[in-house]
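The block underneath contains the structure these notes are about, expressed in structure tokens.
The values are calculated or read from the model by the stated rules, or taken from the named source; none is laboratory data. For clarity, every value in this text was computed on a predicted model and none was experimentally measured. Glycine also receives a Cβ, built like all others from the backbone with ideal geometry; neighbour counts cover every protein chain displayed. SASA here: full protein model, heavy atoms, side chains in, ligands and nucleic acids out. Shrake-Rupley method; radii C 1.70, N 1.55, O 1.52, S 1.80 Å.
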Amino acid sequence: MRFLVATDEEIRRGDTTDIYFARTRDILKRRGVDTRVYAEFTTMNPPYPWMVFAGLREIAHLFEGIPVTVRALPEGTIFTPRDVTGVPVPVMSIEGRYVDFAVYETPALGLICQATGIATKAARIKRAAVDKTVLSFGVRRMHPAIAPMIDFYSYIGGCDGVSSILGARALGVEPKGTMPHALILTVGEREAWKDYEEDMPPEVPRIALIDTLGDEKFKALEAAEVMENIYAVRLDTPSSRRGNFADLVREVRWELDLRGHRDVKIIVSGGIDERAVEDLRDIVDGFGVGTSISNARTVDFAMDIVEVEGKPLAKRGKFSGRKDVYRCEECLAYRVVPSGSPRPTCDCGAEMRNIVVTVVKDGEVAYDFPSPQDEREYVLSQLRRVRE
Ligand code: PCP
């Protein structure tokens, strides 16, 4: 038995696709149909009012060697599902012979739907956290095969660090974490704090988990006494004990400060979502967020042919013809116009820019992806301008 996941080769061969696309490709091949089409990816019922487009570097990997041209919003671009006039915003397009890319609709959608959902939720949580640290702790909630993907897009979306070894390696950063309850239950609470302090490499912050065996108010003080170089305490308080979590955190803060431990930070985790971040951001120093990001709602993109042999044609419910996508760099408003139309002006008066880039050109990767760090900075810079 092996894990129930597809290999790189299987994905790139189209083996994960829906059978009706393989059947369609076979019909077209058998009948020598090489119709050229232009298809666009849009979302009509998104879970969020704005989103962070993600998954593009894996799209480039998917289409490398396939004779198509793929254009898209740069990875990390914040977009709205529709432009200011209500026209759906195409986040990506594919041009070429449909027979050549029919089987890739399914994997292409899968790559951007989930990645965009994770990056968007990470961005929303990071925005809610303002200047506080947000760590991605959620790989445990999903299939281990996608742990690197979860942490990669959590980071792109704005998380300050990630907990999985492979995710951190994909990002070129050090993994971030604290200690599990299992360590405390195995060696004893004070021993766990001491062992962690003595055994961890110098660059690992000394963070004591304090909710395992007793009241966090007293355990925080005990940890601060036991760990000479304590950096923070982590409250992962179970829901059965949580009550008013903010009041508990205030009490811990008070007691630490009263004994001269103002430098000991407070990290919280366990069921942290946007609402909890808003409630706690003024009294904690950081968040470990798991399920809320790793299990973020996917964005339901669809791929639709909008042009056939150069002529506009789309199914009912979709806008035909290839389009140009413009965004105002001041207010991030979008305008979608028929391709070749004059550049629109933004209602706010600022200039609008066509931000679409060519990612794959006739099967050759044509886009130089920024580093994950630069993409994350790009997301954070836009977050300061986005409006709900
Ligand atoms: C979890 C673990 C993760 C947190 C909670 C993610 O605690 O500490 O960091 O939680 P979330 O998915 O609800 O956001 P436990 O499951 O108690 O695991 P451990 O004892 O290993 O900390």
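Excluding ligands, DNA and RNA, the accessible surface per residue across the range 177-284 is 52 Å² with a 1.4 Å probe. What Kirkwood hydrodynamic radius, in Å, does the range 76-153 give when the mean of 1/r is taken over all pairs of distinct Cα atoms and then inverted? Roughly 15.2 Å, rounded to one decimal. Restricting to DSSP loop positions (anything but H, G, I, E, B) with no more than 16 other Cβ atoms inside 10 Å of their own Cβ, which trypsin sites (Lys or Arg not before Pro) remain in the range 233-264? Loop-located and lightly packed - Arg259, Arg262. Classified by the C-alpha gyration tensor, the range 87-231 has a prolate form. Its axis ratio a/c, with a ≥ b ≥ c, is 1.5 or above, and a/b is larger than b/c. Considering the range 177-284, its Cα convex hull presents a mean projected area of 6.6 nm². For Glu64 and Cys331, a Förster radius of 35 Å and the Cβ-Cβ distance give a FRET efficiency of 0.45, rounded to the nearest 0.05.
Calculated mean residue ellipticity at 222 nm for the chain: -10500 deg cm²/dmol, from DSSP H runs with n ≥ 4 weighted as -39500 (n - 2.57), summed, divided by the residue count and rounded to 500. Largest GNM mean-square fluctuation among Cys328, Cys348, Cys159, using the chain with Cα springs under 10 Å: Cys348.
The slack between Glu191 and Ile283, meaning 0.36 nm per residue of separation minus the straight C-alpha distance, is 30.3 nm.
Express in nm, to one decimal, how much length is gained between Thr358 and Trp254 on full extension, taking 0.36 nm for each residue of separation and deducting their alpha carbon distance.
Extra length from Thr358 to Trp254 when fully extended: 32.0 nm.
At each listed q (0.07, 0.08, 0.11 Å⁻¹), what is the log10 of I(q)/I(0) that the Debye formula gives for the chain modelled as equal alpha-carbon point scatterers? Values, matching the q order: -0.39, -0.50, -0.83. Take the chain, connect every pair of alpha-carbon atoms lying under 10 Å apart with a spring to form a Gaussian network, then pick out the residue of Met51, Met227, Met92 with the largest mean-square fluctuation. Looking only at Met51, Met227, Met92, the biggest GNM fluctuation is shown by Met227.
The modelled label-to-label distance between Ala314 and Asp199, using points 7 Å beyond Cα along the C-beta direction, is 5.9 nm. Computed in the context of the full set of protein chains, the accessible area of the chain at 1.4 Å probe radius has 50% of its extent on carbon or sulfur. Of all lysines in the structure, the ones whose alpha carbon falls short of 21 Å from that of Lys323, not counting any fewer than 8 places away in one chain, are Lys311, Lys315, Lys361.
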